[in-house]
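The block underneath contains the structure these notes are about, expressed in C-alpha cells.
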Amino acid sequence: MAVNAGGSLLDAERSPTATPHRITIKTDQKRWWPKTIYHTYWSRMSFWIQRNIVWTVTGLAIVIIAGYLFLTPNQSSTSASTYNASAESILRGIKEKFNDPSFFNYAAHQEKLKPYGSDYIAPDTHINWNTVTNTTGKVKAAFVALVQEHDIYKLRTTMIELERTFNEHEGYPWVIISDKVFSKKFREWITNASKAPVYFGQAPAIEWQEPYWVDVKKAEKNMKQMVKDHNIESSESMSWRRMTRYNMGFIAHHPLLKDLEYYWKVQPGSRYTCNIPTDPFKKMKAKGLKLSFALTMVENHVNLDEFFDVVNNFIIDNKDMLQPTSKSIFKGLLHEASRNKPIDPSNPLGEYSGHFTNCMIYNNFAIFSLRYLRSKEYTKYFDELDASGGFFYHKWGDALPQTIAAGLLLKRSEIAYNDVPGYTFAAGSVCPQDINEYAELKCTCAQNDWQTHNMRHCSPTFLRAIDGTL
C-alpha cells in the first residue's frame, strides 16, 4: 500500500479509495418483530423459524397431535382407557402439587407470595373464606387498615400486638388497602405478621382522588393559609385529605369488604395493651350494635369552617331519615346549655338545634357495621358533605363527620363504648384501673399515665348519652 511523503498509514486507510469494512442493514429489510427487540434472543429465534418454516410447522403439528392422543380418553379399548386414566391421574397430581402453596413452603393464605417474574403483584379483589380458620360461629368480619407503603413498621407492630392479645385464637382476616399497589417486600413483611389470611387491596383512583367539582387551586391556597395561620398537623397534606374522605365514604364499598358484616378499623402505630377476653364482633352482632369505640376527644374548631352549615342543611332537608333526639346520643354532642333548651317552633332545625361541643369519637379504633355504612341514610349524609368540597377546602377529616352521623342516624342502643380494655394512640389511652382486672388481662399500659385521662373529658358525656341518663 502506497504512502505519501509526510503521510501515514492511517491517512492512507482514510482515503476515499479505501474499501470500507462495515456491516450494513438494508433500510427496506422486512421484519415483523419490533425494532426495540431486534438484537434479542427472540429476534434470533424468529430468524431461525423463518429460515426453517417447514420444520417448524411439522414439529408443531406433531406436538399438537401427540398431546391430543395422550390426553383424550379412548373408550374403544380397555387398555387404552386405563392408560389414559393413568395419564390423567399423573397430570392431575402434577397440577395439584404445583398448585399447593406448601410445595413452596408458604401457608395457604400466602399463595400470593409465590415467585413472580417481577415485583408487581396484582391487588386482591375478594376474601376467600375457605382459608379463614375457626369459622364455626364466626361473624363475617375483618381487621381493615388504610395505609401507605411507609407505614410498614408501624402497621406490623400493631398487627403483632393485636394478634397476641386477641386474634391468634380467632383467626379473623386482615385487609390492607392503599391507593397504590404494595411492593412485594411490604406484602411479605405484613403477611408474616399474622397467621390469619392477609389481603391487599387498592382503592380505585376515581374514589381516592379529589372529585371534578373541587377547585384544586383553591384547596391548595386554603391549605397553605391554614399552615401559615395555625400550623396544625396535616394541614398541608392533600394525601391526608384524600385518605380520610375515602375512609368516610368509600371504604365500605371496596370489593374486599363486600361480603363482610363488620370491620375493625386499625390505625398503624396504635397499641393494644391488654388481652381482649371476648369477641367484639360476636358481641356487636348479638346485640345489634352498629358502632363501637374506645376514645373520645375534642376537634379543633379551626378545622371546621363551614362544616356545621352543611350538617344543618342536611338536617333541615332530611328529618324523615333522622332518629328522634330522645332515642339517640345527639344531645351528647351539644353544649349543656343547648340540651334542655325549649324547642323554638320558628327554628327549621327543630329538636336538632343547638351549639355543638366539637366532641367526637376518636375513630382510629372503631368497629363499624358495614350495613350501616352502606345505608341510604349514611350515603346521603356523606354525599352532601362531599358535594360541598369541605374535605379538601378545609380539614374536616372523618372522625367528627362520622360522630355527627352516629348522633343523627343511630339509636343509642346501637352504640357501644370501650370494647378493648387496653388501647393507646397518640394523645389518648384507656387502661383498666382495677388491679385484679389489670393482672388478669396481662396489661402493659400505665394506669396512672397522663394519656389515660387526657383529651377524654367527652367520654363521661358520651357514656351518659348512650345510657340515656343525660
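Quick notes on this structure:
- From most to least packed by mean Cβ count within 10 Å, the peptides 218-226, 188-196, 406-414 give 406-414, 188-196, 218-226.
- Centre-to-centre separation between the Cα atoms of the range 376-453 and those of the range 285-310: 7 Å.
- Coupling constants for the range 311-322 follow from the phi torsions by the Karplus curve (6.51 cos²θ - 1.76 cosθ + 1.60, θ = phi - 60°), and in residue order they are 4, 5, 5, 5, 4, 4, 7, 9, 4, 5, 8, 8 Hz; glycine and proline get x.
- Among the listed pairs LYS154/LYS185; LYS218/LYS395; LYS290/LYS327; LYS265/LYS327, those beyond 22 Å (Cα-Cα): LYS265/LYS327
- Flagged links, alpha-carbon separation over 19 Å, of LYS319/LYS380; LYS140/LYS184; LYS138/LYS411: LYS140/LYS184; LYS138/LYS411
- Karplus-derived HN-Hα couplings along the range 325-335 (A = 6.51, B = -1.76, C = 1.60, θ = phi - 60°), whole Hz, x at Gly and Pro: 4, 6, 10, 10, 9, 4, 5, x, 8, 9, 4
- Full-extension gain in nm, VAL302 to GLU168, via 0.36 nm per residue minus C-alpha separation: 44.0 nm
- Extension gain, GLU161 to ALA205, is 12.7 nm, computed as 0.36 nm per intervening residue step minus the present C-alpha separation.
Readers should treat all values here as calculations from the given coordinates under stated rules, not as data from a laboratory. Just so we're clear, the structure is a prediction, and the values are computed from it rather than from any experiment. Glycine also receives a Cβ, built like all others from the backbone with ideal geometry; neighbour counts cover every protein chain displayed.
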